[in-house]
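Working notes for the structure below.
Nothing in this text is a laboratory measurement; each read-out follows from the coordinates by a stated rule. Computed from a predicted structure; not experimentally measured. Here Cβ is always computed from backbone atoms with ideal geometry, including for glycine, and neighbour counts include all displayed protein chains.
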Amino acid sequence: MTTFSERASTPVATTAPIGIFDSGIGGLSVLRHIQARLPHENVLYFADSGFAPYGGKPEQFIVTRSLAITDFLLQHGAKAIVVACNTATAAAIKALRACHPRLPIVGVEPGLKPAAALSKNNTIGVLATERTLASSKFRQLSERIAADSGVRVLTQACTGLADQIEKGELQSAATAELVQRYAAPLIAQGADTLVLGCTHYPFVLPLFQDAICDAGSGPITIIDTGRPIALHLASLLKDHDLLNASSSPGLLLTFTTGSEIALRDALKKLLDLQPSTAKVTIN
């Protein structure tokens, strides 16, 4: 396997990779924004597909998996960690930061703040997993945004949607039916801004747009938090003097606890990438 130290005659911390992980392929929606913003950074991507989805799992299970995956990425030289999963962020970010207080760690959370700023009628809808919506982190964020901006926050748990996307069914009738089922009630209640609160969901953005058209409502804004995450990561690396000064394109290595073929297919289909991919086991 190619190592990052092989890319530089004198390896330094700035050339170390960024570690990104998700329960599966959803975090690829974050990876694409990170690569666009930080094209010279080396990246390790970890898809815990053998244990996906996280949405219906107990919180302690998600914490344990997140800690173990982070340790794996650190063992492979990661200089920063991106938890590219809303559910894992809600459940485990506090534990990760407690265990690694000096490590730059970026989590993802539903984009309620930008949604509140963009909403014209002060009604926003959040589509996410059950675990994300049930978390104290989401509840506190929702209450704070509502208090600060006066917006009404509607929520919708999207059971099974991440599963469909994980299976690669981005345009199937079953996936479209789920998107329609979950988006329609929020639109009917007047939401003029929809937040995609799971990193899997941007990959079926056209289905959400179709659901909006089918509802016959006025213009509705859809929020994808991938770009703000990339901007925050870039700022954090700069603050820690960890930006890679290389002018060469960054190297991407990927790992999965599921099917190597499925991850390779997803990388090619979704991002047109063909990086090295390895199957690993983490207990």
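Could you compute the FRET efficiency for Leu205 and Asn283, with r as their C-beta to C-beta distance and R0 at 45 Å, rounded to 0.05? All intermediate terms of the calculation are to be shown ahead of the outcome.
Details: r = 36 Å, r/R0 = 0.79.
After rounding, the FRET efficiency stands at 0.80.
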The long-range amide H neighbours of Val126, using H built 1.01 Å from N in the peptide plane and a cut-off of under 5 Å, are Leu154, Thr155, Gln156, Val195
If each residue of separation counts as 0.36 nm, what is the full-extension length gain between Leu67 and Asp214 once their alpha-carbon separation is subtracted? 48.7 nm
Among 113-122, 228-237, how do they line up by average Cβ neighbours within 10 Å per residue, starting with the highest? 228-237, 113-122
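Rounded to two decimal places and with Rh computed the Kirkwood way over Cα pairs, what is Rg over Rh for the chain? Present the calculation step by step, with values, prior to reporting the outcome.
On the way: Rg = 18.5 Å, Rh = 19.1 Å.
We get a ratio of 0.97 for the chain.
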For Val106, enumerate residues with amide H under 5 Å from its amide H, sequence gap 5+ or separate chain, H modeled in the peptide plane. Ile81, Val82, Val83
Please work out the C-alpha center-to-center distance from region 241-278 to region 42-91 and express it in whole Å. 16 Å
At 7 Å along Cα-to-Cβ for each site, give me the label-to-label distance between Arg37 and Gln75 in nm. 2.9 nm
Per the helix-only calculation at 222 nm, which mean residue ellipticity applies to the chain, given -39500 (n - 2.57) for every DSSP H run of n ≥ 4 and division by its residues, nearest 500 deg cm²/dmol? -13500 deg cm²/dmol
Label points 7 Å out from Cα along the Cβ direction at Gln60 and Ser247: separation in nm? 5.5 nm
Kindly count the pairs of lysines across the chain whose alpha carbons are less than 29 Å apart, treating pairs on different chains or eight or more residues apart as eligible. 29
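Rounding to the nearest 20 debye, state how big the charge dipole of the chain is about its Cα centre with +1 on each Lys and Arg Cβ and -1 on each Asp and Glu Cβ. Intermediate results must be reported in sequence, preceding the final value.
Numbers: 24 positive and 23 negative charges, 104 e Å.
Once rounded to the nearest 20, the dipole reads 500 debye.
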Could you let me know the centre-to-centre spacing of region 208-236 and region 136-199, using Cα atoms, in angstrom? 11 Å
